[in-house]
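Note sheet for the following structure.
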Amino acid sequence: MGLQGCTARPRPRPEVRMACEVLVCGHELAQMARGLNIPGARIVEGTPSSLANPVPPIVAVVFDTQRLPLGSAAFWRLRRRAGVPLLAVVGSYEEAELALRRGCSDVLVKPIRAEELRLRIHRVLRLSRPPSLSLGRLVIDPAAGCVTCGDVRIHLSPLEFRLLYHLAVNAGRVVGYDELLNEVWGYDYDAGSYVAVKAAIRRLRRHIEPDPSAPRYILNVAGIGYTLTVGGE
């Protein structure tokens, strides 16, 4: 039996709804963005280091090239790993052309107006809406930040949601501890981090497994990581 027969009942807890988040690098830029009316999106201020690994519910990144230069190692890490649209705020039309050549989805040339920023963020959000994932009766909707099993809504914390989503995107593949730490937690391995992964997996199993002590769906591969099985047994 696989996820098609998803019979685990969610534990009672307050619902956590994750709106889509737009990660903005630059304090003044983030303040301007927070003052805009962008339904369904929350503005989150970040630093160049936090931009290197945006994870759900982050669906777009806006950055000022004064804070994150287009030739920097941090920019190339973002470009390689983000998987979300990038909106670059640049100082000249020449830099705008360079940003587009280097893979940015859109550009804004300074000085910028609030209304123009709002329209450009709307545009990258239209590019960024990730599709829902269906695994048997389990449906994961990253745009709404919710998980359902049939007619039952499963209430997860933001971290649990990111963990389930990453396993679901890679269903059938073994996902290593280091990958989970990088893609879900957003940092590299240090002492004790694997313990945090195992604890989060235990919590997640309580939500989706009929019997968390004998898991059918989230399986451990000893010493390597975890895999989410769809077909089950």
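How many residues are modelled with pLDDT under 80 and assigned to a loop (DSSP other than H, G, I, E, B) if we restrict to segment 1-43?
20
Scan segment 82-98 residue by residue and report those that are at pLDDT below 90 and either farther than 21 Å from L23 by Cβ or surrounded by 18 or more Cβ atoms within 10 Å (Cβ to Cβ) (or both).
If the condition is that a residue be at pLDDT below 90 and either farther than 21 Å from L23 by Cβ or surrounded by 18 or more Cβ atoms within 10 Å (Cβ to Cβ) (or both), then A82, V84, P85 are the ones that fit.
Read through the list (1) in a helix (DSSP H, G or I); (2) at pLDDT below 75, then give the number of the only condition that P54 fails.
The one condition P54 does not meet is (1).
May I ask you to list the residues in segment 92-108 that are of a type in the set (G, A, S) and over 19 Å from L119 (Cα atoms)?
S92, G103
Here are some residues: R123, R101, R118. Which one is surrounded by 14 or more Cβ atoms within 10 Å (Cβ to Cβ) and free of Cβ contacts under 8 Å to residues at least 60 places away in the same chain?
That would be R123, the only listed residue that is surrounded by 14 or more Cβ atoms within 10 Å (Cβ to Cβ) and free of Cβ contacts under 8 Å to residues at least 60 places away in the same chain.
Residues V124, V184, V107, V89: which one is β-branched (V, I, T), in contact with a strand residue (DSSP E or B) (Cβ under 6 Å, 6 or more places away or on another chain) and outside any strand (DSSP E or B)?
That would be V124, the only listed residue that is β-branched (V, I, T), in contact with a strand residue (DSSP E or B) (Cβ under 6 Å, 6 or more places away or on another chain) and outside any strand (DSSP E or B).
The values are calculated or read from the model by the stated rules, or taken from the named source; none is laboratory data. Note that the structure is a prediction, hence the values are computed from the model and not measured. Ideal geometry is used to build each Cβ from the backbone, glycine not excepted, and the neighbour counts take in all protein chains shown.
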